[in-house]
Each structure stands twice: as C-alpha cells, then as structure tokens.
Amino acid sequence: MKKDSQKTSSQTVKKVIIRIKKYWVFLILSIIMATITVASSLYVPILVGNAIDYIIGPSNVNFRLIAQILAEIGVVIGITALSQWIMNICNNKITYHVTRDIRDEAIEKIEHLPLKYIDGHSYGEIVSRVIADVDQFADGLLMGFTQFFSGVMTILGTLGFMLSINVKITLVVVLITPVSFFVASFIAKRTYKMFKLQSETRGEQTALIDEMIGGQKVVSAYCHEEEAVRQFDEINDRLQKYSLNAIFFSSITNPSTRFVNSLVYAGVAVTGAISAIYGRLTVGQLSCFLSYANQYTKPFNEISGVVTELQNAIACASRVFELIEEEPEAAESSNAVNLENVDGRVDLNDVEFSYVPDKKLIEDFNLHVKKGQKIAIVGPTGCGKTTIINLLMRFYDVNSGSIDVSGVDIRELTRRSLRAGYGMVLQDTWLKSGTIRENIIMGRPDATDEEIIEAAKAAHSHGFIKRLPNGYDTVIGEDGGSLSQGQKQLLCITRVMLCHPPMLILDEATSSIDTRTEIKIQNAFNKLMEGRTSFIVAHRLSTIQSADVILVMKDGHIIEQGNHEELLAKNGFYNFMKASLHNRVRRSVTFMTMINKEKVLKGVGKAVDAANNAADKAAAFAKEKELDKKAKNMAHTLEDGIKSAGESLENLFKN
C-alpha cells in the first residue's frame, strides 16, 4: 500500500514537471533570480561582520569605512528586493499557466469522455476535481516555487560561505543536518495518504451538496431533510477526521525541524565561541557565522512547510490527472466520413447492448426505418426506450450488431456529422447561462432574427418570450433560472425548430407542457416531421397515435409492432397499456365526481358567468373604442370558446 502510494506520488510529480517544462524560460529566470537573491542576502552578513571588526574599542571606531560598508549593504539589499520581485513574477506565471493548462486539459477530456463515465460519477465530484483540487494544487505549487528553490539555494550558499570562513565549525553543521532530513521525510510519507483521503472526501461532500441544492424541492417534498443532514454529517465527520490527521502530521513538521535547527545553532555558537577565545576566529567572523547558521536552518523550517503543502498539492493533482487520463470515447475510424445527403433510412441489425456486462438489456434488436417514417417507441419504464436513442446518437456503442444511417454503419461516420443529422428534444431540458437568443441559436449561430422569431412562433414560445423584460435578449441563469419547466422545454423545442434537422428524436419532448399547448406543438412538429424520419419516445398514447410504426418494447425486446389501429386489433400489450391508462383516467374522474361534483359544477357555472362578463366587457370596449371587426370577432370567439369549455365540463360531471 505504501509502495503504491509512493509510486503514485512520484508519477504525479513527473507529470507536473512535464507540464512545467513548457515554461522553461520563466523557470530558468526564476532560478537565476533565486540565486541572485540568495547570494546578495548571504553577502550582507559578511559586510556586517567586517563593520563589527572596524569597531575596535572605545574611541577607536573607523566611521568612514563603516559608512562605506553601510552604503554597500543598502545597494545589496536593493538588488535582493528587485531579484526577489522578478522571481515572484516568474513563479506566479509558471504556476497559473500550468494550472490553466491542466484545467483546459480536464475540460477538453470531459468533452471527449464517454457518456458512461459521466453517468457513473456525480457531477459535484467531477466539478470538485476541476475547481477545488486544481486550486489546492496551485497553492502548493506556488509555495514550492516561492520557497523551495530559494531555500535550497540558501542552504547550499550558506554552506559555501561557512566553509570559506571555518571548515571545522561547518562540519559540525553538516553532521547535525541529516537529522532534519530524516524528520521531514518521516512525516512527509504519512501526510500524502491523509491529504489524498481529505481531497477525495471533499469531492464526495461537494457532490452531496450539489445534489441536495439541485433537488431541494424534491428533498423538501419527501421530508428527506433529516436524512440529507445525516448523510452530510457522516461525510463531514470523515472529512474532519482526515483533515485533523493530515494537519496533525503537517503541524509537527515545523516544530521538529526547529528543534534540530536549534541544535545546529547551539553547536555553531559553542564551537565558534571556543575558536574566538583561542583567537582562531574574530568577533566579526563569529557574528557572521551565527548569522549564517540562522540562515542555514531557516530554509529547513520553510521547506518542511513546503513539503507538507506539496504533499497536499500532489494528492490533489493526482485526482485531476486521473480524470485527464480517463479512457476517452472510442476513437473514430481513420477513414471516417461525414454524413451527407441524409435520406432518413435507419437500420438496426441484430443489435445487442448492456450498460453492465453481466446484465443484458437490448438483445437481438432489429428495426428497419424507411425515409420519412415516424417511429414511436413505447413501453414500461426501464425497457430500453431511451437506450435506443443513446445508441442512435452514438452516445454509447453497440456491443454487437450494427446501426446504419443512410446505408452507412455509424461507426464509420464522424460523430459530429452523425449528431448534426438529428434534432433532439429530451425530457430533461438543458439551457446555458446567457440570453434567450443565445440558447435558441445554439445549433445555428448564423440564424437571422426573422428565422428565430419564426421558429419561436412555431414552438409557441414567442408569446412568453416577448413578455420577458428584454424579450429575446433577456439573460437567464444556469438551467433556465426562473423559467418554468414548461417554458424551458418550449425553448428547447424552439432550438430544434430553428435547425430543421433531417431526422428528429423526441424523448418525452412535451412532458412538461399543458395539453392545449401540446396539441399546438404537435401540429407544429407534424409540419416539421413531414418527409423527415422521426423517433418519438412517449408515455402519452395521444402523442404517438399518428405514428407510422409503433414499437412496443419490454425487457429490451420489441414485443409488438404496427400502427395504432393494427396494435389495437391485436389486443396485446399495447391494448393493455391503453386500457390501463383509460381506466386510470376514469377512476380519477369518478373520484373527482364523487367527492367534488357539486363544488365543481358550481365552480364551472361561476367560470362561465365570469367568462361571459369578460366577453361582454371586451365587446363593449371594442365598440366604445371603435375597434375593427377583428377585435370584435376575437371577443366573441373568446366568449364562445369559454362557453363551450364550460358546457363540456358540465356534461362530463353530469354524465
């Protein structure tokens, strides 16, 4: 286990170094500036020692030479500050360029990951890797550049200067130094594992928070608050445990190395004082040596802290590299061609597919769709309806068999051209942060305003868009912001209406829309689907009755096939589904009638009266303002429509 951890750590360091090499100019400049900073800062104690030696005794001080030395010290300090400033700029550039590159790699990999990876990992955990882990890595890397290089240079530089002054005292320093390395190494090996667990648990916590906030309405509706808090507390306790362990080991690093460094300072002080007594060392040189001993030990404290931060950074980086190195979706064939001149023919030949190897889902599936056919897919939940859509779009590849579009195996087509051939509206809507216009033109960025408005009118979204504060330029937040689920679905439908794709996939496309609007949209879809091959997944049988072919699926197989009338005549599973739905509706209506018949009838009567009054007022207003015939007709149409609706409801409950 320890060997695996060390191997992972060393591999991660190599990957980081490879990415740093790209910015070798900044790296070399940083090392040069670190060398100048260390050399100039180490030169100051020599000057101070010389100044002390010019203070011989009372009334015997060479002020002229001391003034020269002080001026020289001022120049050296200025050089130190400038070189340190340049070094910090270089370090920042390296750090944030590398983290930018890693984030770019991560996002690019996410765009090319197979859908099974996204489906198999929580969104919060993936977000944590790209955001939180990269931030932690950046902090550790910056500290490493800022303190590690200069610390190593300082240690080597002080050793060199001490050797030039007194070899024996320097040997005392060198003999005690390995103890500090041993302590730092002992602690560093244990901190990596703890920081890795801390980073993983932080990702788990982010995923839970993302789920709970995203589904807060569902959590509240099912009184799941206490269970959610319990899950969070359990993860939070683990995070606390791992964090405390990581911090405990990292916190004892500094005191331990400080203790060793104090031994070094004491050893220098004792041996240096004895040498000074016997005249082998001047007072100025002893002062200089003690200053060097302090500067020599100081980097060990800094490096011990840096090592801890680097362990955390490496642990976070390894999680990001795991994502970056995930197997992308299967590469396209070297001779893959673009799908052009789509004629709408789709053939599924002996298709077999399963998400999990030992659990079959789609078996021996055969379907041959002719140009312009409208194919509806119905069946119970989990029978494989949406899986067929995923296979058609090549979000997943079939385990065996083939899917052909226009006579070409989709594995021999580029994914981009295949997916561009479909217009897709799903039950789960997706809108990005931006304007309404930007969301609509996602598939056709070059669309004109007239085309956008035409598509919106066809999808019946133009009305509510115009009522928004800035119309088509209204900015909406992530996933549609304050728009209702129905409005979001209308925008997704508008997006497809604008593209006029050669083939359509509608997966519960109108599930969040009221029945009246659904009828209008179905009419618009019928126009759009004329001459286009269409696949429709729906639970509402009214949505699929006009389909040319209805596939009834169960347990991954087609158990019935035909149009609406043919399937009813077979008196099979389709007929059973229709009868079940009809019975549910009748039971609901009967229940409402038994419980609220009088109340509903009274409400209907009031609604009809109110509608009549509204229509009369509209007609009077039209007459008073001398509006044209069209306005008057609209008022009368409103009156007739509401009366008709009221009468229908009244008859329903009377019967």
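The values are calculated or read from the model by the stated rules, or taken from the named source; none is laboratory data. These figures come from a predicted structure and were not determined experimentally. When we count neighbours, we look across all protein chains shown, and the Cβ atoms used for this are built from the backbone with ideal geometry, even at glycine. Heads up: the accessible areas ignore ligands, DNA and RNA and are worked out on the full protein's heavy atoms, side chains in. Shrake-Rupley method; radii C 1.70, N 1.55, O 1.52, S 1.80 Å.
Quick check on Phe535: is it modelled with pLDDT under 85, open to solvent by less than 20 Å² (accessible area, probe 1.4 Å) and closer than 27 Å to Asp347 by Cα?
Considered against the rule, which asks whether it is modelled with pLDDT under 85, open to solvent by less than 20 Å² (accessible area, probe 1.4 Å) and closer than 27 Å to Asp347 by Cα, Phe535 comes out as no.
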(message) Here's a check for you: in segment 561-581, which residue that is surrounded by fewer than 16 Cβ atoms within 10 Å (Cβ to Cβ), aliphatic (A, V, I, L, M) and modelled with pLDDT of 80 or more is farthest from Gly379 (Cα to Cα)?
(response) Ala569
(message) I'd like to verify a number: residues in segment 120-143 that are buried (at least 21 other Cβ atoms within 10 Å of the Cβ) and not aliphatic (A, V, I, L, M), how many?
(response) 6
(message) Give me the helices (runs of 4 or more DSSP H) completely within segment 426-481, filtered to those with at least 2 residues that are under 23 Å from Ile536 (Cα atoms) and open to solvent by 30 Å² or more (accessible area, probe 1.4 Å), ordered by residue number.
(response) 449-458
(request) Give segment 326-372 a look and list any residue that's out of contact with any helix residue (DSSP H, G or I) (no Cβ under 8 Å at 6 or more places or on another chain), of a type in the set (Ser, Thr, Tyr) and open to solvent by less than 60 Å² (accessible area, probe 1.4 Å), or say none. (result) Ser354
(request) With the checklist (1) modelled with pLDDT under 85; (2) closer than 18 Å to Ser534 by Cα; (3) basic (Lys, Arg) in hand, flag the one item Lys370 doesn't pass. (result) (1)
(request) Could you run through segment 92-118 and say how many residues are touching a residue at least 24 places away in the same chain (Cβ under 8 Å) and within 25 Å of Ala331 (Cα to Cα)? (result) 13
(request) Could you figure out which of (1) closer than 30 Å to Leu263 by Cβ; (2) modelled with pLDDT of 80 or more; (3) among the basic types (Lys, Arg) isn't true of Arg190? (result) (2)
(message) Here are the criteria: (1) open to solvent by 20 Å² or more (accessible area, probe 1.4 Å); (2) part of a strand (DSSP E or B); (3) among the β-branched types (Val, Ile, Thr). Tell me which single one Ile403 does not satisfy.
(response) (1)
(message) Restricting to segment 82-131, and then to whatever is over 23 Å from Ile18 (Cβ atoms) and among the small types (Gly, Ala, Ser), can you tell me which residue is farthest from the chain's Cα centre (by Cα)?
(response) Ser83
(message) List pairs: first residue in segment 5-33 and within 26 Å of Glu322 (Cβ to Cβ) and modelled with pLDDT under 85, second residue among the basic types (Lys, Arg) and open to solvent by 60 Å² or more (accessible area, probe 1.4 Å) anywhere in the structure, Cβ distance under 6 angstrom, at least six positions apart or on different chains.
(response) Ser5/Lys193
